[in-house]
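Data first, discussion second: the structure below is written as structure tokens.
The values are calculated or read from the model by the stated rules, or taken from the named source; none is laboratory data. Bear in mind the structure is a predicted one, so any value in this text is a computation, not a measurement. Virtual Cβ from ideal backbone geometry, glycine too; neighbours counted across all protein chains shown. Ligands, DNA and RNA are excluded from the accessible area calculation, which covers all protein heavy atoms including side chains. Shrake-Rupley method; radii C 1.70, N 1.55, O 1.52, S 1.80 Å.
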2 protein chains.
Amino acid sequence: MPNTRPRIYMQEVATRDGFQNESQFIETEDKVRVIDALSLCGFAKIEVTSFTSPKAIPALRDAERVMHEITRQPGVEYTVLVPNVRGAERALSCGIDEANLVMSMSETHNRSNLRMTREQSFAQLEQVVSAISGSSVAINISLSTSFGCPMEGDVSEDEVLRWIERFANLGVTRATLCDTTGMAYPSQVRSLSARAKALFPEMVFTLHFHNTRSMAQANALAAISAGIDRFDASLGGIGGCPYAPGASGNACTEDMVHMLELEGFDTNIDLERLLKVSAMLPGLIGHDVPSQLLKAGGRNTLHPAPAYVAEIGLKP
Amino acid sequence: MPNTRPRIYMQEVATRDGFQNESQFIETEDKVRVIDALSLCGFAKIEVTSFTSPKAIPALRDAERVMHEITRQPGVEYTVLVPNVRGAERALSCGIDEANLVMSMSETHNRSNLRMTREQSFAQLEQVVSAISGSSVAINISLSTSFGCPMEGDVSEDEVLRWIERFANLGVTRATLCDTTGMAYPSQVRSLSARAKALFPEMVFTLHFHNTRSMAQANALAAISAGIDRFDASLGGIGGCPYAPGASGNACTEDMVHMLELEGFDTNIDLERLLKVSAMLPGLIGHDVPSQLLKAGGRNTLHPAPAYVAEIGLKP
């Protein structure tokens, strides 16, 4: 029987977006072990690490070693975050499949997070695009705070669409709309996704949600209803938000896969295998993770009935 | 300007479904304080307590005192859980607005949880309906495990619809489809809700979700798309599931209200006031609560930008 379920492409970000937020350094061999296990789960893409300055993000100071030591699987793209030309050179030397560039849709958030104006970021990323163009490496632009900024508030759709156009004009063919601090809500997601898809039909869009306000799953379904078929998510839901201490972080991969499969989509993910990888996380990072599936198991997890159940009703 | 936003009716269950699961007894005056504060938040209904045997659920052994000491607000219905005729007599003596009856759609879950066969439960509830009929007290039937049983697995829609019909035939006009252990998923919710609404157009339906597998919010939107306009939810998301230790419990009221208001619905809830009540919970129950809103605030919560932001870009 042919598989007629619509395909959803899952992209794992835990080892970059998750690990970079951990105060405790994850040993290189543990990172490699997690990534190698994830590589066997059916992801379309894995964001392995970040080629930022080791001083800025010491948690990922072993980027080269990680890239060299992982065992790549055919069919999986290995992407890394690249902030500047220096990072691009380091990343290219490791044979990446994709460079993930990032800037914020909010001027204040860009200044706060990247310590540059948006124009300065764009100029820098333009250089990165030039440095990579001509190689076989794909380029993705991640647009932070596309659904709102924790300092400025709302971000207009037109503003996001303008920046997509500027990157499209550089020849960038992949873009991620990031809900960096969990401000996106379903009707907003549907609206921006639909406009972006209609205006840039050649662009491959990813949606990147945070579950900070418990809307990541509803947002994913809203995005799908607008034609999106590609999501970032983080194993265990790790990777928090500095503006909401204690709140959930990134959309949780296993929770999203579980829901999407129940909804009739083909995520290509081996959920049982994925849950075993997720179960490694609390030990590695030294704390509990937001994942619900890890605690409850899938809905097909059956429990034994108490012994007395069989006796009930026999002697009324 | 007239309010043209579709109305969603919110029903708070924390002081019954939440408190009954707490190992630590909540003092009567604290319960009353929480209920009185909830009464000012705009709920359509509050499930105050349960008239089960004090031996079976000692956490709610003060049901009469709570009912007598709360300050009722006009426009809010005060409902209580009533398991049997003895409970109905106790509840009626307290001047309740509604009696909430409960049985399970799964034979095994009913035996396990209520220690009766479903037929025995129905016979007992038939007596309760008789005892209450003729009074001005409304009757609601809560159908546990309507979306799946943790011991049996799937529960068929036809089975749920058959039990609704049996209660409708007793004159019961209100029914709650309960996702007791967080097994419901959006397309399933849409399907059962639509069939139930179509078959029993006179029945007032409530949907009761648990966020055990991170789908409560998506399920609420799915239910609304099938014409449902009434939800149970629990302040702070308290009220766990014995089959998933550590996982989220009931759908969280403030998380649901926040999303539904953003989606353009009128929940009639004062979210700011509600969050203040939710903030009382960790102190009362002695542990953190699953609520995301309590940690992150609403999406309109703005944070100050760091001081250096203003300087950036001045000296390029």
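Within segment A:1-46, count every residue that is of a type in the set (A, V, I, L, M, F, W, C), within 16 Å of A:Glu77 (Cβ to Cβ) and open to solvent by 70 Å² or more (accessible area, probe 1.4 Å).
1
If we keep just the residues of segment A:135-154 that are in a loop (DSSP other than H, G, I, E, B) and within 14 Å of chain B (Cβ to nearest Cβ), which is most open to solvent (accessible area, probe 1.4 Å)?
Step by step, filter segment A:135-154, then rank; the result is A:Asp154.
Of the residues that make up segment A:7-22, is at least one over 13 Å from the mean Cα position of the chain (by Cα) and over 24 Å from A:Thr176 (Cα atoms)?
Checking segment A:7-22: not a single residue is over 13 Å from the mean Cα position of the chain (by Cα) and over 24 Å from A:Thr176 (Cα atoms).
Here are some conditions: (1) away from chain B (no Cβ under 13 Å); (2) over 24 Å from A:Thr49 (Cα atoms); (3) in contact with a helix residue (DSSP H, G or I) (Cβ under 8 Å, 6 or more places away or on another chain). A:Leu101 meets all but one. Which one does it not meet?
Failing condition for A:Leu101: (2).
Based on this model, can you work out whether A:Pro74 counts as within 28 Å of A:Ile8 (Cβ to Cβ), modelled with pLDDT of 95 or more and open to solvent by 20 Å² or more (accessible area, probe 1.4 Å)?
Yes: the conditions hold for A:Pro74.
Go through (1) within 15 Å of A:Met105 (Cα to Cα); (2) away from chain B (no Cβ under 14 Å); (3) part of a loop (DSSP other than H, G, I, E, B) one by one and return the number of the condition A:Val172 breaks.
For A:Val172, the failing item is (1).
Yes or no: B:Asn250 in contact (Cβ under 8 Å) with a residue 24 or more places away in the chain and in contact with a helix residue (DSSP H, G or I) (Cβ under 9 Å, 6 or more places away or on another chain)?
Details: in contact (Cβ under 8 Å) with a residue 24 or more places away in the chain: yes; in contact with a helix residue (DSSP H, G or I) (Cβ under 9 Å, 6 or more places away or on another chain): yes.
In short, yes.
Let me spell it out: the conditions are (1) in a helix (DSSP H, G or I); (2) within 12 Å of another protein chain (Cβ to nearest Cβ); (3) closer than 30 Å to A:Lys295 by Cα, and B:Gln120 meets all of them except one. Which number is the exception?
Failed condition: (3).
Being touching a Ser or Thr at 6+ places or on another chain (Cβ under 9 Å) and either of a type in the set (Lys, Arg) or modelled with pLDDT under 95 (or both): is that true of A:Lys55 here? Show your work before the answer.
Working: touching a Ser or Thr at 6+ places or on another chain (Cβ under 9 Å): no; either of a type in the set (Lys, Arg) or modelled with pLDDT under 95 (or both): yes.
Against the criterion (touching a Ser or Thr at 6+ places or on another chain (Cβ under 9 Å) and either of a type in the set (Lys, Arg) or modelled with pLDDT under 95 (or both)), A:Lys55 does not qualify.
Just checking, which of B:Glu107, B:Glu98 is modelled with pLDDT of 95 or more, crowded, with 18+ Cβ neighbours inside 10 Å and touching an Asp or Glu at 6+ places or on another chain (Cβ under 6 Å)?
Selected residue: B:Glu98, the only one of B:Glu107, B:Glu98 that is modelled with pLDDT of 95 or more, crowded, with 18+ Cβ neighbours inside 10 Å and touching an Asp or Glu at 6+ places or on another chain (Cβ under 6 Å).
Scan segment A:213-229 for residues that are touching a residue at least 40 places away in the same chain (Cβ under 8 Å), over 18 Å from B:Ala247 (Cα atoms) and within 7 Å of chain B (Cβ to nearest Cβ) and jot them down.
A:Leu221
Only one residue in A:His303, A:His258 is within 13 Å of chain B (Cβ to nearest Cβ) and in contact with a Lys or Arg (Cβ under 7 Å, 6 or more places away or on another chain). Which one? So that I can check it myself, show each step before the final result.
On the way: A:His303 fails: in contact with a Lys or Arg (Cβ under 7 Å, 6 or more places away or on another chain).
Answer to the selection: A:His258.
Out of segment B:241-276, which residues are within 19 Å of B:Gly182 (Cβ to Cβ) and within 15 Å of the chain's Cα centre (by Cα)?
If the condition is that a residue be within 19 Å of B:Gly182 (Cβ to Cβ) and within 15 Å of the chain's Cα centre (by Cα), then B:Cys241, B:Ser248, B:Gly249, B:Asn250, B:Ala251, B:Cys252, B:Thr253, B:Glu254, B:Asp255, B:Met256 are the ones that fit.
Got at least one residue in segment A:160-168 being within 26 Å of A:Thr15 (Cα to Cα) and among the basic types (Lys, Arg)?
no
Residue-by-condition table, conditions (1) modelled with pLDDT under 95; (2) away from chain A (no Cβ under 12 Å); (3) more than 30 Å from A:Leu302 (Cα to Cα):
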position: B:Phe231; (1), (2), (3): no, yes, no
position: B:Ser234; (1), (2), (3): no, yes, no
position: B:Gly264; (1), (2), (3): no, no, yes
position: B:Ala279; (1), (2), (3): no, yes, yes
position: B:Leu294; (1), (2), (3): no, no, yes
position: B:Gly298; (1), (2), (3): no, no, yes
position: B:Gly313; (1), (2), (3): yes, no, yes
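Based on this model, can you work out whether B:Ala184 counts as open to solvent by 40 Å² or more (accessible area, probe 1.4 Å) and of a type in the set (Gly, Ala, Ser)?
The answer is no for B:Ala184.
How many residues does segment A:175-203 contain that are among the β-branched types (Val, Ile, Thr) and in a helix (DSSP H, G or I)?
Here the count works out to 1.
Going by what's in this entry, would B:Ala194 be described as within 19 Å of the chain's Cα centre (by Cα) and either touching a residue at least 60 places away in the same chain (Cβ under 8 Å) or open to solvent by less than 50 Å² (accessible area, probe 1.4 Å) (or both)?
no
Taking segment A:197-233 as the search range and keeping residues that are touching an Asp or Glu at 6+ places or on another chain (Cβ under 9 Å) and more than 24 Å from A:Asn268 (Cα to Cα), which one is surrounded by the fewest Cβ atoms within 10 Å (Cβ to Cβ)?
Going through the qualifying residues, I end up with A:Leu199.
Considering B:Leu125, B:Leu81, B:Leu92, which residue is within 28 Å of B:Val34 (Cβ to Cβ), more than 14 Å from every other protein chain (Cβ to nearest Cβ) and open to solvent by less than 50 Å² (accessible area, probe 1.4 Å)?
B:Leu81
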